[in-house]
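Heads up: the structure comes next, in C-alpha cells.
The values are calculated or read from the model by the stated rules, or taken from the named source; none is laboratory data. Since the model is a prediction, treat every value here as computed from it, not as a measurement. Because the Cβ atoms are built from the backbone with ideal geometry, glycine has one as well, and the counts that use them run over all protein chains shown. Please note that ligands, DNA and RNA were not included when accessible areas were found on the heavy atoms of the full protein model with its side chains. Shrake-Rupley method; radii C 1.70, N 1.55, O 1.52, S 1.80 Å.
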Amino acid sequence: MKAMVLKSIANLVETRSPLELVDLPMPILQEHDVLVKVSACGVCHTELDEIEGRTPPSKFPIVLGHQVVGHVEKGGGRARRFKTGDRVGIAWIYSACGKCTFCRNGRENLCDEFKAMGRDVNGGYAEYTAVSEHFAYPIPANFSDSEAAPLLCAGAIGYRSLRLASIVDGDRIGLTGFGASGHLVLKMARYLYPRANVFVFSRTEGERSFSRELGAVWAGGTDERAPEKLHAIIDTTPAWKPLIEALRNLEKGGRLVINAIRKEDSDKDSLLGLDYPRDLWKEKEIKSVANITRQDVEEFLQLAAAIPIKPEVQEYRLEEANLALLELKERKIRGAKVLKMG
Ligand SMILES: [Zn+2]
Ligand SMILES: [Zn+2]
C-alpha cells in the first residue's frame, strides 16, 4: 500500500519535503482490530510538532495522521462491532490501558500507556490503516468523508477544551487564536450557551472578520483589551505572549484553558512579563488540555451533526502531504486541510 512516511525529525524551513512516498506492507491485524481503507485524513498542526520534534514520534519510520475517515475492509478474528463497508473514524486516541485509575474514571486521555494515532503507531497518511474496533467511531451520515475528518481532532479537542472551561450560559467567553479549532469552538459555544457572548483575539483581520460573521460580539488583536473582563478564555495559539495577554483579559476567578499540545519556543521570554497581582492573583486558573477520550469524540460527533457543523475543507492528494503541511506551517489556510485518497 502507498503511504507517506516520516523517517526522522526535520526542520520544515530547511527540509521542505520531510515525508517520503513509499510502498508499505498492509497493517497486521490484532484480533479486535479493523482494517480501514482510508478515504480522507485531516492534516493537523500537531503533525508539525511531530515532524519538528516538539512531540516526537516514538518510532521511525512513522506514518502520520490522526483524523482518519474510511471504510472497514475486514476485521481481526474477534472483531464484531463493524461489518465490511461500514464507515468509521479514527481520532488521536489509538489506545489506553483500560485498567489504571485514570482509565477507570473517565480520564483515559491521561493514561500512562496512552498511545496516539500517527505518533506511536502508523496513522492515516496511507491507503490503509488499522485500529481496535473499540477505538473507532461510526460517522453521522450528514458529513462527507472530507468534512468528517477535521472534526475528529480540531472539533473533538475543541469540545473537550470547552467542557474544561466550566462555562455557564450567560458567561463572557474569549477565544485566543482563530484557526481550525477556534472557529469550531465558536460554533459549539453559540449552540451550547446561547446567552453567552464570545470575544475573539486573532492576529489577522481575515480571521477577525470571519469570527464576527460567525457571531462573535467583538474581535481584536491578541494584544488588545476586550471591552469587558471574560469568565473563560480558550487559547489555541502556538505562542506564549497570547497567554499573558489572555490573563489580563480574564475576570477574577476566571479560567484560561490552553488547548495546545506544545508551545513553540520563539517568544518564551514574554513569560517574564507576567505580573502576579495583575495577571494571576484573584483566583485565576490556568488549565491545559491533554489528548482526548473516546467520550469526547462520540459526544462531539453527535453535537456536530445536531448543530450542524460543516467545516470548510481544502483537499490534497496523498502525495501532496508535504505541500499541505508546508502551507499549514506558513499559515496559508483556507479551511481545514484534508488528504483525499483514491
Ligand atoms: Zn490533531
Ligand atoms: Zn490507563
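Contact order, relative form, for the range 162-234: 40 percent (alpha carbon pairs under 8 Å, 6 or more residues apart, mean separation divided by residue count). Quick one: grab the alpha carbon gyration tensor of the range 124-262, order the square roots of its eigenvalues as a ≥ b ≥ c, and give me rounded if a/c is under 1.5, else prolate or oblate depending on whether a/b is larger than b/c. Here the range 124-262 falls in the prolate category.
Taking amide H atoms as placed 1.01 Å from N in the peptide plane, the amide H of residue 89 lies under 5 Å from those of 137, 139, each 5 or more residues away in sequence or on another chain. What is the chain by shape, rounded, prolate or oblate, if you read a ≥ b ≥ c off the alpha carbon gyration tensor as root eigenvalues and call it rounded for a/c under 1.5, prolate for a/b larger than b/c, and oblate otherwise? Prolate, since a/c reaches 1.5 and a/b exceeds b/c.
Which pairs in the list 74/337; 115/229; 99/252 are over 30 Å apart, alpha-carbon to alpha-carbon? Beyond 30 Å: 115/229; 99/252. The listed residues 211, 95, once ranked by accessible area (1.4 Å probe) with the largest placed first, stand as 95, 211. The Cα center of the range 159-211 and the Cα center of the range 214-264 differ in position by 10 Å. Modelled spin-label separation between residue 317 and residue 100, with each label point placed 7 Å from Cα along the Cα-to-Cβ direction: 4.3 nm.
Pairs exceeding a 32 Å alpha-carbon distance, out of 187/263; 2/187; 59/310; 282/332: 2/187; 59/310; 282/332.
To put it simply, the accessible area of the range 296-342 at a 1.4 Å probe is 48 percent carbon and sulfur. Derived scalar couplings between HN and Hα for the range 319-331 equal 5, 9, 4, 4, 5, 4, 5, 5, 5, 5, 4, 8, 6 Hz in order, rounded to whole Hz, by the Karplus curve 6.51 cos²θ - 1.76 cosθ + 1.60 (θ = phi - 60°), x for Gly and Pro.
Across the range 248-254, rounded Karplus estimates of 3J(HN,Hα) from the backbone phi angles (6.51 cos²θ - 1.76 cosθ + 1.60, θ = phi - 60°) give 5, 8, 7, 6, 3, x, x Hz, Gly and Pro being marked x.
With θ taken as phi - 60° and the Karplus curve 6.51 cos²θ - 1.76 cosθ + 1.60 applied, the whole-hertz 3J(HN,Hα) list for the range 87-100 is 8, 9, x, 10, 10, 4, 7, 8, 6, 8, 5, x, 10, 6 Hz, x standing for glycine and proline.
Note: relative contact order over the chain, using C-alpha pairs below 8 Å and six or more positions apart, is 19 percent.
Rounded, prolate or oblate, given the Cα gyration tensor of the range 12-117, with a/c below 1.5 counting as rounded? Oblate is the answer for the range 12-117, as a/c is 1.5 or above yet b/c matches or exceeds a/b. Taking other residues whose beta carbon is less than 12 angstrom from the beta carbon of residue 72, and scoring Lys, Arg as +1 and Asp, Glu as -1, yields +2. Note on the range 286-342 and the range 16-61: Cα centroid distance 15 Å, given to the nearest whole angstrom.
Qualifying GluC sites (Glu not before Pro) in the range 22-115, where qualification requires a DSSP coil assignment and no more than 11 other C-beta atoms within 10 Å, comprise 31.
Taking amide hydrogens as placed 1.01 Å from N in the peptide plane, the amide H of residue 230 sits under 5 Å from those of 250, 251, each at least 5 positions away in sequence or on another chain. To the nearest 10, the accessible area of residue 240 is 50 Å² with a 1.4 Å probe. Accessible area per residue for the range 36-185 is 34 Å², calculated with a 1.4 Å probe on protein heavy atoms, without ligands, DNA or RNA. Each DSSP beta bridge with both residues in the chain is either parallel or antiparallel, and the antiparallel ones are about 55%. Contact order for the range 251-342, expressed relative to its length and based on alpha carbon pairs under 8 Å spaced 6+ residues apart, stands at 28 percent. Among the trypsin sites (Lys or Arg not before Pro) within the range 126-203, those in coil by DSSP and having at most 14 neighbouring Cβ atoms inside 10 Å are 195. Annotation: amide H of residue 221 within the under-5 Å range of 202, sequence separation 5 or more or interchain, hydrogens built in the peptide plane.
Think of it as helices only: each DSSP H run of n ≥ 4 in the chain is worth -39500 (n - 2.57), and spread over all residues that comes to -6500 deg cm²/dmol at 222 nm. For residue 54, project a label point 7 Å along Cα to C-beta. Then give me every residue of the range 118-141 with its amide nitrogen under 17 Å of that point. So the set is 119. Once all protein chains are placed together, residue 204 keeps about 50 Å² accessible to a 1.4 angstrom probe. Of all DSSP-defined beta bridges confined to the range 79-220, some 30% are antiparallel rather than parallel. Kindly list the residues of the range 167-197 that lie in the label zone of residue 228, defined by a backbone N under 20 Å from the point 7 Å along the Cα-to-C-beta vector. Those under the cut-off are 167-176, 186-197.
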